[in-house]
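Worksheet: one structure, shown below.
The values are calculated or read from the model by the stated rules, or taken from the named source; none is laboratory data. Everything numeric in this text was worked out from a predicted model, so none of it was measured. Here the Cβ is made from the backbone with ideal geometry for all residues, glycine too, and neighbour counts use every protein chain on show. Heads up: the accessible areas ignore ligands, DNA and RNA and are worked out on the full protein's heavy atoms, side chains in. Shrake-Rupley method; radii C 1.70, N 1.55, O 1.52, S 1.80 Å.
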Amino acid sequence: MPALPSSILEPLWVQVSALLPAHQDTHPLGCHRPRIADRVVFDKLIQVLVFGCGYRRIADHTCSATTLRRRRDEWIATGLAEQLHLLVLAAYERLFALELEHLAVDGCTTKAPCGGQTAGPSPVDRRKQGLKRSVAVEAGGIPLAAVSSLANRRDDGLLAATLDAIAVVGPLPAWPVVHLDAGYDYRPCRQVLAEREMAGEIATRGKPAPIQAGRRWVVERTHAWGNQYGKLRWCTERRRRVVEFWLALANAAMVLGRLVRRAWTCYRWDSRPRRRP
């Protein structure tokens, strides 16, 4: 049974195969061992993403753990996951349009027991090693960008980097409204928004959160979607570039999942699932 439904896995692979460069064999006598097919490696990496287990747990006679890590690093060098995320966002924009007039940003702290470049003492887990990801979403909860940092880094300190990461999506409408919780109720955050010509709707510190929920609840739901992927919920990677690879790949899968779900009620195609995803 695949780690993701075929309605999501197959479109992802079609885009990935189109992005992969042709392999050049540089061995003077030719490759003595046949190269593992990219599709096999892709399926294995998706299993690592979804289940969050180690590479050795997924490896079998078809593909070794060393091959998984080596091919993963090759794809990281080409920016595969980031390009895939942008392509899926472009497809969503063409079909349903991204609602960029309203944005929401928030952070989420998860476990990172192996430490590394993006791990730090978690203030909510007895100072155990943890990872924080700051995510920006549009009005419907579609993840636009994600930034990884130490668990003890405050959410408001990542606001500028998260908003700057949205630039890869394309130009934003004039003065979009950014919905933030009370953790961003500080003057530097308002200055960050003003410098980027954005309006802020920020909850006030000291008041109950349900009364001020507003339109920022969608980012909380997006974090819940992300925590369904074991690699984000329990990150054992130590290098920042690898963590960002998994973040981008998970975001691409989430966007495609929402795309297929909405398209199911609006369109008909040959491989359309019998039930709504």
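Accessible surface comparison of C114, C53, C63, probe 1.4 Å, protein chains only, largest first: the order is C114, C53, C63.
When a/c reaches 1.5 or more, the comparison of a/b and b/c decides; with that in mind, is the chain rounded, prolate or oblate per its Cα gyration tensor? Since a/c reaches 1.5 and a/b is larger than b/c, the shape of the chain is classed as prolate. Straight-distance candidates among the lysines for linking to K231, with alpha-carbon spacing under 25 Å and chain neighbours fewer than 8 residues away dropped: K44, K111, K128, K132.
Peptide packing: for 269-276, 100-107, the average count of neighbouring Cβ atoms within 10 Å per residue gives the ranking 100-107, 269-276, highest mean first. Computed from the C-beta positions of C114 and R70 and an R0 of 25 Å, the FRET efficiency is 0.80 to the nearest 0.05. Working ranking of peptides 166-175, 182-191, 218-227 by packing, defined as the average number of other Cβ atoms within 10 Å per residue, highest first, is 218-227, 182-191, 166-175.
If you sort L144, L20 by accessible surface, 1.4 Å probe, largest first, the order is L20, L144. When nucleic acids and ligands are ignored and a 1.4 Å probe is applied, S122 ends up with an accessible area of around 0 Å².
Take every Cα pair under 8 Å whose residues are at least 6 apart in sequence, average their separation, divide by the length of segment 105-191, and the relative contact order is 26 percent. Nearest 10 degrees is fine. How inclined is helix 240-266 to the longest principal axis of the chain, computing both from alpha carbons? Compared with the principal axis, the helix lies near 80 degrees. Surface composition of segment 1-57: carbon and sulfur make up 57 percent of the accessible area, probe 1.4 Å.
The simple spin-label model puts a point 7 Å past each Cα toward its Cβ; for K207 and D125 those points are separated by 3.3 nm. Given R0 = 35 Å, the distance between the Cβ atoms of A22 and R56 translates into a calculated FRET efficiency of 0.75.
The Cβ shell under 11 Å around V48 holds other residues with a net charge of +4, Lys and Arg each +1, Asp and Glu each -1. A straight chain from R35 to E195 at 0.36 nm per residue would run longer than the Cα-Cα distance by 52.6 nm.
Relative to the Cα centre, the charge distribution of the chain, modelled as +1 at Lys and Arg Cβ and -1 at Asp and Glu Cβ, gives a dipole magnitude of about 1060 debye. Residues in segment 42-182 average 42 Å² of solvent-accessible surface per residue, probe 1.4 Å, ligands and nucleic acids excluded.
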